[in-house]
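K.L.:
Here it is: the structure, laid out below.
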Amino acid sequence: MQHLDGNAVAGQLADYFSFDVTAATARCNGCGSIAEFARAMVYRSGAGTVVRCGSCDQVLATIVEAGDRAWIGFSGVSAIEVRRG
């Protein structure tokens, strides 16, 4: 099977990431809990933002902003469910 580069999913990803992420559900890698991002615990500091599972305190996501850039990691999430339509 021939592969394409990441540009091939630009439109598809734009469809999924142009929504209110707090309404999406995520599965925690730590405990397997599935809950809306809005139910997570958020900690902010000068170094950035850490989003933790409301059930087990596992880090779900991190956000670091500096000037005109942002780094967003979902290292503790095994899946995000997005309702379409």
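K.L.:
What is the sum of charges around Glu81, taking Lys and Arg as +1, Asp and Glu as -1, for the other residues whose C-beta is under 11 Å from the C-beta of Glu81?
P.N.:
+2
K.L.:
Shifting gears a bit: Mind listing which chymotrypsin sites (Phe, Trp or Tyr not before Pro) in the stretch 4-85 are in a DSSP loop and have 14 or fewer other Cβ atoms within 10 Å?
P.N.:
Numbers: sites: Tyr16, Phe17, Phe19, Phe37, Tyr43, Trp71, Phe74; in loops: Phe17, Phe19, Phe74.
Filter output for the stretch 4-85: Phe17, Phe19.
K.L.:
If you don't mind, there's one more thing I want to ask. Quick one: plug the Kirkwood hydrodynamic radius of the stretch 25-74 (C-alpha pairs) into Stokes-Einstein at 10 °C, 1.306 mPa s, and report D in µm²/s.
P.N.:
Translational diffusion coefficient: 141 µm²/s.
K.L.:
Using a 1.4 Å probe, what is the accessible area per residue for the stretch 6-81, in Å²?
P.N.:
Here the residues of the stretch 6-81 average 67 Å² of exposed surface.
K.L.:
Roughly how many debye, to the nearest 20, is the charge dipole of the chain about its Cα centre, given +1 on each Lys and Arg Cβ, -1 on each Asp and Glu Cβ, and no other charges?
P.N.:
The calculation lands at about 220 debye.
K.L.:
Counting only residues 5 or more places away or on other chains, whose amide H sits under 5 Å from the amide H of Ala24 once H atoms are built in the peptide plane?
P.N.:
Amide H to amide H, under 5 Å and 5 or more residues apart or across chains, Ala24 pairs with Phe37.
K.L.:
Could you calculate the contour length gain from Ile34 to Ile80, that is, 0.36 nm times the residue separation minus the distance between their Cα atoms, to one decimal place in nm?
P.N.:
Details: separation 46, 0.36 × 46 = 16.56 nm, distance 0.91 nm.
Separation in residues times 0.36 nm, less the Cα-Cα distance, equals 15.6 nm.
K.L.:
If contacts are Cα pairs under 8 angstrom and at least 6 residues apart, what is the relative contact order of the chain in percent?
P.N.:
25 percent
K.L.:
Gln58's amide H: which non-local residues (gap 5+, or another chain) put their own amide H closer than 5 Å, with H modeled 1.01 Å from N in plane and none for Pro or chain starts?
P.N.:
HN-HN under 5 Å from Gln58: Cys53.
K.L.:
Ignoring solvent entirely, what values of log10 I(q)/I(0) come out of the Debye formula for the chain at 0.19, 0.21, 0.24 Å⁻¹ when each Cα is a single scatterer?
P.N.:
After summing over all Cα pairs, the log10 values are -0.94, -1.06, -1.19.
K.L.:
Add -39500 (n - 2.57) for each DSSP H run of 4 or more in the chain, then divide by its residues: what number comes out at 222 nm, to the nearest 500 deg cm²/dmol?
P.N.:
It comes out at -2000 deg cm²/dmol, rounded to the nearest 500.
The values are calculated or read from the model by the stated rules, or taken from the named source; none is laboratory data. Worth saying up front: this structure is predicted, and the values here are computed from it rather than measured. Every residue, glycine among them, receives a Cβ derived from its backbone with ideal geometry; neighbour counts consider all protein chains shown. With ligands, DNA and RNA removed, areas are computed over all heavy atoms of the protein, side chains included. Shrake-Rupley method; radii C 1.70, N 1.55, O 1.52, S 1.80 Å.
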